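Engineer: To start, I am sharing the structure in question, which I have written as structure tokens.
The values are calculated or read from the model by the stated rules, or taken from the named source; none is laboratory data. Just so it is clear, the model here is predicted, and its values are computed rather than measured. Backbone-built Cβ (ideal geometry, glycine too); neighbour counts: all protein chains shown. For the accessible areas, the whole protein counts, side chains as well, though only heavy atoms, and no ligand, DNA or RNA atoms are used. Shrake-Rupley method; radii C 1.70, N 1.55, O 1.52, S 1.80 Å.
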Number of protein chains: 2
Amino acid sequence: MSTPPRATPAERIELAHGAGGRRMTELIDGLFKRHLSNAWLERGEDSAVLARPDGRIAATTDGYVIDPLVFPGGDIGSLAVHGTINDLAMAGARPFALTAGFILEEGLALAELDRIVASMAAAAVAAGVAVVGGDTKVVERGKGDGVFITTTGVGEIPPGVELGVERIAVGDVVVVSGTVGDHGVAVMSRRAGIAFETEIVSDSAPLHELVARMLQRVPGLHALRDPTRGGLAATLNEIAVARGVGITLRADRLPVRDGVNAACELLGLDPLHVANEGKLVAFCPPDAAEALLAAMRAHPLGRDAAVAGTVAAGPPGLVELETGFGGRRVVDWLAGDQLPRIC
Amino acid sequence: MSTPPRATPAERIELAHGAGGRRMTELIDGLFKRHLSNAWLERGEDSAVLARPDGRIAATTDGYVIDPLVFPGGDIGSLAVHGTINDLAMAGARPFALTAGFILEEGLALAELDRIVASMAAAAVAAGVAVVGGDTKVVERGKGDGVFITTTGVGEIPPGVELGVERIAVGDVVVVSGTVGDHGVAVMSRRAGIAFETEIVSDSAPLHELVARMLQRVPGLHALRDPTRGGLAATLNEIAVARGVGITLRADRLPVRDGVNAACELLGLDPLHVANEGKLVAFCPPDAAEALLAAMRAHPLGRDAAVAGTVAAGPPGLVELETGFGGRRVVDWLAGDQLPRIC
């Protein structure tokens with residue numbers, strides 16, 4: 001249990017906490033600023049003023065509506081930091097500031113919000129990035145669901161870094177940074193109330209330092225993506241369609257935890273469709289693959305990195321999986337809503 | 001009526017539209033990109049890559065949960081553009097990119113979303129700023145309320161511009177850019193189903209060009225704020241407390257529309273507590289007030305600008321209103337929830 005917030009005597013969020021008056025200021029000062037304290041928030045202006053960056057700017061926004069708010073390996077607060085840092089990292093950007101917009105439901109326990117904001121603050125400190133601005137809105141009971149967080153990241157792309165799907169070429173090697181499906185299975189098993197022998201823990205983690213190492217060692221890297229919603233299948237399908245190429249994965253090369261495989265079988269899921277929050281997929285020229293793997297494996301978040309596939313001329317727009325027995329199957333993306341509110 | 005979206009045969013948002021698969025891509029391509037088309041969105045990367053700015057960066061985030069979604073003078077889409085541009089403008093920043101995170105409720109009519117995104121796009125074009133990135137999440141029916149939008153703005157602060165509450169000094173003149181209370185009354189009257197003889201229309205508008213004119217003419221401006229939630233009363237109280245000064249307003253100098261006064265009387269509101277979305281309050285040294293007023297009145301959004309008060313040594317932390325008969329009353333900020341979901 002964390003210390004109860006000193007913000008206000010009320011124990012739950014009320015509409016007044018979002019009305020722009022004294023109660024809102026109490027909530028912001030007593031809870032948000034207490035955890036996320038920094039010079040920008042203390043200044044209390046409508047905009048945070050940041051230094052002029054050395055390079056181009058990267059900007060990204062992601063809404064977090066995960067259900068449940070707390071899951072094995074994280075919560076919506078840490079996820080909202082990691083997910084947005086990772087979107088910056090995929091552009092090769094060093095995160096330099098985050099902002100967070102909270103939409104709170106009337107009736108939310110302040111103690112729960114306190115834990116979430118504390119977790120967000122801890123994740124930001126661990127990643128070396130500040131939450132420089134934010135906003136709080138309150139909606140009536142039954143018009144929201146506890147907490148939604150929309151996090152925006154602003155980053156700086158070092159001169160010389162050029163990553164993008166348009167650089168992916170036939171012959172490229174597809175490298176994944178570790179096991180797939182951990183986050184989604186951790187959330188789904190908590191949601192379904194299923195306990196496995198070995199608890200599956202979300203892989204939620206900030207990838208910017210891993211990416212910095214990769215770029216240092218292999219500046220000619222073509223593209224990076226983090227396979228979140230829709231899993232590796234959605235990410236690779238998007239790329240196959242966008243580039244008009246085929247992508248072939250090898251089942252025996254794809255790292256998947258036994259527990260994730262078992263849970264997926266039970267839940268009727270394919271690990272390739274399940275969200276990840278601390279994994280990336282990299283596309284690089286074949287002659288750089290060894291150096292890239294070495295750089296990745298030297299970092300804790302890339303320890304299980306593996307070459308999982310290759311980019312081919314065709315069939316264009318198609319992702320295929322080579323199974324162990326010489327067979328092939330098409331890896332489609334999900335059309336339906338098998339995994340709502342996974343992030 | 002706008003053209004129905006070509007996104008998908010479905011007429012309403014379904015959970016599948018947020019699941020990261022094919023349906024989400026259809027929604028993004030067929031609706032969001034159709035309206036908000038630009039090079040960054042077309043690129044479809046996790047982060048938008050922007051040029052290196054010439055000055056310092058300003059960043060701001062605001063969530064929009066306004067109820068109803070459409071109101072006289074605007075809708076949640078245009079509001080989400082104006083409100084965020086204005087927060088940048090208050091730092092003296094030229095807006096250079098916006099991002100928008102949508103949280104959609106299952107069951108939302110696609111035609112309604114289409115109108116809102118079209119309105120957002122039109123507001124962005126009119127203001128000369130691009131929505132360079134976004135995100136879409138879907139929550140189950142009864143866990144949201146149609147559409148919530150969280151908009152982040154990134155701006156560029158020209159060298160030499162230094163605005164901030166810490167520069168406000170005793171003797172400063174308080175200038176408002178026009179009538180107060182229009183936005184809140186427009187929304188509340190729509191919500192209460194009240195029709196007035198003269199319809200009150202929201203003042204929702206982007207203030208960055210007005211601010212650019214003001215800074216050009218009066219580079220020594222001390223501070224700018226946009227009195228949104230909580231109205232002018234909340235903004236001035238925050239400043240009075242932060243700077244330990246007293247602020248005196250003169251009732252006869254404060255521009256308020258007759259219709260707003262009448263509606264406030266009927267609704268039991270004080271126009272000073274009512275939100276504005278296209279107004280600003282400026283603090284400047286007394287010898288610059290005339291030049292500032294002239295610059296403001298030359299711009300359509302500052303036509304009704306007026307000196308509404310002054311900053312005094314005390315009583316510290318207090319905002320007072322001088323009434324027409326030589327009386328004074330304290331202008332407190334709202335503690336309660338008189339005006340929920342006004343922006």
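Engineer: Name the residue that is surrounded by the most Cβ atoms within 10 Å (Cβ to Cβ), counting only residues in the stretch B:272-291 that are over 15 Å from B:Arg167 (Cβ atoms) and among the small types (Gly, Ala, Ser).
Structural biologist: Checking each candidate, the answer is B:Ala275.
Engineer: Find the residue count for the stretch B:221-238, including only residues that are among the β-branched types (Val, Ile, Thr) and open to solvent by 20 Å² or more (accessible area, probe 1.4 Å).
Structural biologist: Final tally of qualifying residues: 1.
Engineer: Filtering the stretch B:1-15 down to residues that are of a type outside the set (Asp, Glu) and modelled with pLDDT of 90 or more, which residue is most open to solvent (accessible area, probe 1.4 Å)? I'd like the intermediate steps shown before the answer.
Structural biologist: Initial filter on the stretch B:1-15 (of a type outside the set (Asp, Glu)): B:1-10, B:12-13, B:15.
Checking the rest, the ones that are also modelled with pLDDT of 90 or more come to B:12-13, B:15.
Numbers: B:Arg12: 126, B:Ile13: 2, B:Leu15: 26 Å².
Among those that are of a type outside the set (Asp, Glu) and modelled with pLDDT of 90 or more, it is B:Arg12.
Engineer: Among the numbered conditions (1) open to solvent by 10 Å² or more (accessible area, probe 1.4 Å); (2) more than 8 Å from every other protein chain (Cβ to nearest Cβ), tell me where B:Val185 comes up short.
Structural biologist: (1)
Engineer: Something else about it: Restricting the search to the stretch B:292-310, which residues are touching a residue at least 60 places away in the same chain (Cβ under 8 Å), under 12 Å from B:Arg217 (Cβ atoms) and open to solvent by 30 Å² or more (accessible area, probe 1.4 Å)?
Structural biologist: B:Ala294, B:Ala298
Engineer: Can you name every residue in the stretch B:320-343 that is open to solvent by less than 60 Å² (accessible area, probe 1.4 Å) and more than 16 Å from B:Asp252 (Cα to Cα)?
Structural biologist: B:Trp333, B:Leu334, B:Ala335, B:Gly336, B:Leu339, B:Pro340, B:Arg341, B:Ile342, B:Cys343
Engineer: Got at least one residue in the stretch B:277-291 being closer than 14 Å to B:Thr179 by Cβ, away from chain A (no Cβ under 14 Å), touching a Gly at 6+ places or on another chain (Cβ under 6 Å) and not basic (Lys, Arg)?
Structural biologist: Among the residues of the stretch B:277-291, not one is closer than 14 Å to B:Thr179 by Cβ, away from chain A (no Cβ under 14 Å), touching a Gly at 6+ places or on another chain (Cβ under 6 Å) and not basic (Lys, Arg), which makes the answer no.
Engineer: Further, regarding this structure: Looking at B:Val241, B:Val218 in this structure, which one is open to solvent by less than 20 Å² (accessible area, probe 1.4 Å), more than 16 Å from the chain's Cα centre (by Cα) and hydrophobic (A, V, I, L, M, F, W, C)?
Structural biologist: So the residue among B:Val241, B:Val218 that is open to solvent by less than 20 Å² (accessible area, probe 1.4 Å), more than 16 Å from the chain's Cα centre (by Cα) and hydrophobic (A, V, I, L, M, F, W, C) is B:Val218.
Engineer: Free of Cβ contacts under 8 Å to residues at least 60 places away in the same chain and surrounded by 24 or more Cβ atoms within 10 Å (Cβ to Cβ), is that true of A:Gly144?
Structural biologist: Against the criterion (free of Cβ contacts under 8 Å to residues at least 60 places away in the same chain and surrounded by 24 or more Cβ atoms within 10 Å (Cβ to Cβ)), A:Gly144 qualifies.
Engineer: Another one. So, in the stretch B:28-38, how many residues would count as being closer than 16 Å to B:Lys137 by Cα and buried (at least 21 other Cβ atoms within 10 Å of the Cβ)?
Structural biologist: Selection size over the stretch B:28-38: 2.
Engineer: Please indicate, with yes or no, whether at least one residue in the stretch B:237-244 is part of a loop (DSSP other than H, G, I, E, B) and away from chain A (no Cβ under 13 Å). Outline the logic, then answer.
Structural biologist: Taking the stretch B:237-244 first, the residues part of a loop (DSSP other than H, G, I, E, B) are B:244.
From what's left, away from chain A (no Cβ under 13 Å): B:244.
So far as the stretch B:237-244 goes, yes, one or more of its residues are part of a loop (DSSP other than H, G, I, E, B) and away from chain A (no Cβ under 13 Å).
Engineer: For the condition open to solvent by less than 20 Å² (accessible area, probe 1.4 Å) and not assigned by TED's automatic domain parsing to the domain that holds B:Ala111, what is the one hit in B:Gly18, B:Gly77?
Structural biologist: Exactly one of B:Gly18, B:Gly77 is open to solvent by less than 20 Å² (accessible area, probe 1.4 Å) and not assigned by TED's automatic domain parsing to the domain that holds B:Ala111, namely B:Gly18.
Engineer: A:Gly77 - would you say it is more than 7 Å from chain B (Cβ to nearest Cβ), in contact (Cβ under 8 Å) with a residue 24 or more places away in the chain and under 21 Å from A:Gly155 (Cβ atoms)?
Structural biologist: Values: more than 7 Å from chain B (Cβ to nearest Cβ): yes; in contact (Cβ under 8 Å) with a residue 24 or more places away in the chain: yes; under 21 Å from A:Gly155 (Cβ atoms): yes.
Against the criterion (more than 7 Å from chain B (Cβ to nearest Cβ), in contact (Cβ under 8 Å) with a residue 24 or more places away in the chain and under 21 Å from A:Gly155 (Cβ atoms)), A:Gly77 qualifies.
Engineer: Kindly indicate the residue of the stretch A:99-117 that is more than 9 Å from chain B (Cβ to nearest Cβ) and of a type in the set (A, V, I, L, M) and also nearest to A:Ala51 (Cα to Cα) among those meeting that condition.
Structural biologist: A:Val117
Engineer: Could you look through the stretch B:39-70, keep only residues that are more than 7 Å from chain A (Cβ to nearest Cβ) and within 24 Å of A:Glu45 (Cα to Cα), and pick out the one that is most open to solvent (accessible area, probe 1.4 Å)?
Structural biologist: Here the residue is B:Asp54.
Engineer: May I ask you to verify whether A:Arg229 is farther than 14 Å from A:Gly259 by Cα, modelled with pLDDT under 95 and not in a loop (DSSP other than H, G, I, E, B)?
Structural biologist: No, not satisfied.
Engineer: May I pose another question? Within the stretch A:178-225, track down each residue that is touching a Leu at 6+ places or on another chain (Cβ under 9 Å), assigned to a loop (DSSP other than H, G, I, E, B) and farther than 25 Å from A:Val70 by Cα.
Structural biologist: Answer for the stretch A:178-225, where residues must be touching a Leu at 6+ places or on another chain (Cβ under 9 Å), assigned to a loop (DSSP other than H, G, I, E, B) and farther than 25 Å from A:Val70 by Cα: A:Val218, A:Leu221, A:His222.
Engineer: Here's something else I'd like to know. Out of the stretch A:160-176, which residues are more than 8 Å from chain B (Cβ to nearest Cβ) and under 19 Å from the mean Cα position of the chain (by Cα)?
Structural biologist: A:Leu163, A:Val175, A:Val176
Engineer: Another question, then. State the number of residues belonging to the stretch A:118-159 that are assigned to a helix (DSSP H, G or I), under 17 Å from the mean Cα position of the chain (by Cα) and farther than 30 Å from B:Asp54 by Cα.
Structural biologist: Adding up the residues that qualify gives 6.
Engineer: Return the total of residues in the stretch A:120-140 being of a type in the set (A, V, I, L, M, F, W, C), within 7 Å of chain B (Cβ to nearest Cβ) and either over 20 Å from A:Leu108 (Cβ atoms) or open to solvent by 30 Å² or more (accessible area, probe 1.4 Å) (or both).
Structural biologist: 1
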